[in-house]
Amino acid sequence: MKACIMGLLALGAATVGHANAADEFASTPSTRGQAERADQALQVTPYLWAAGLDGRISPFRRAPTIGIDKSFSDVLEGLEFGGFVNLWFRRGAFVFSADLMYVSTRDGHAFGPLPPLPVPVPPGTVVDGRVDSRQANMTLQAGYRTVDTEDFTLDVLAGVRAWWLSNDVTVSALGTSRGYGERFDWVDPVVGLRAFQRLHGGWSLQAQLDIGGFGVGADSTWSVLATVNYIASDRFSVSGGYKVLDVDYDHAGDVYDARLKGPAFGLTYRF
């Protein structure tokens, strides 16, 4: 169960359109005249999202739904691997974003020694249980820049957010092991806005909002991101802010009704 919870870690500084300093403004004063009106731009953002989790989850259809409330430090305990990256591209007034994440976790416990039982199990037997959880999440959106001034831009976006989750339980005792696993996935349509405001001295603000689900996959899903960004060089920008991702999925016994929230940090490289 805990591994499934950790699978929700979703470390990230953005879900869609995370342009830590929007491409036309990501430049030093000496090059700004060229970069501001470039016909196209591509940037890559690896990111970290120090997210806690609360909600209710049922990792298996036959399992009960359990309420959860985990801080970021609790989530980190079982983390085995996490990979997170955002790609952002603009050509003229058209924009495209792909946000990818993969998280693998493991949680293991030993129970025993067992007391004498009315079944043929030797007293003192130790039972080992392990839960392996994997989650992949991808958000794809395309849109159009409806406002484009020297210091402010506004993009209208639409696309999909896809989820893939798997949980495997292994129980070992007396030299034998038994395993059981389940997998489920779904896709949600989403629509959103992204606004960017340039400040002074290489600083900027960015806000992102999307909402979706509409009963197609999840009953509902929404995400909000706000960051403060700084241009470190002609190629690199850094950002910090806060992000919330909420999803309410309940179908055929699979329940994934959770809210992730916490500070977010990113590093952007511009090509």
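The values are calculated or read from the model by the stated rules, or taken from the named source; none is laboratory data. Just so it is clear, the structure is predicted and the values come from calculations on it, not from any experiment. Positions of Cβ are backbone-derived with ideal geometry, glycine not excepted, and every protein chain shown enters the neighbour counts. SASA here: full protein model, heavy atoms, side chains in, ligands and nucleic acids out. Shrake-Rupley method; radii C 1.70, N 1.55, O 1.52, S 1.80 Å.
Starting from the Kirkwood Rh over alpha-carbon pairs, what translational D in µm² s⁻¹ does segment 149-230 have by Stokes-Einstein at 20 °C and 1.002 mPa s?
On the way: Rh = 16.2 Å.
Here the translational diffusion coefficient equals 132 µm²/s.
So, R0 is 41 Å and r is the distance between the beta-carbons of R62 and V160; what FRET efficiency does that work out to, to 0.05?
FRET efficiency, R62 to V160: 0.90.
In square nanometres, what is the average projected area of the Cα convex hull of segment 172-271?
Working: hull surface 42.7 nm².
The directionally averaged projection comes out at 10.7 nm².
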Solvent accessible area, Å² - R61, 1.4 Å probe, full protein context = 130
Between beta-carbons, use under 11 Å as the cut-off and find the net charge around T65, counting Lys and Arg +1, Asp and Glu -1.
-> -1
Quick calc: nm separation of the 7 Å Cα→Cβ label points for S233 and F214 -> 4.4
With a 1.4 angstrom probe the carbon and sulfur portion of accessible area for segment 211-258, in percent, totals 61
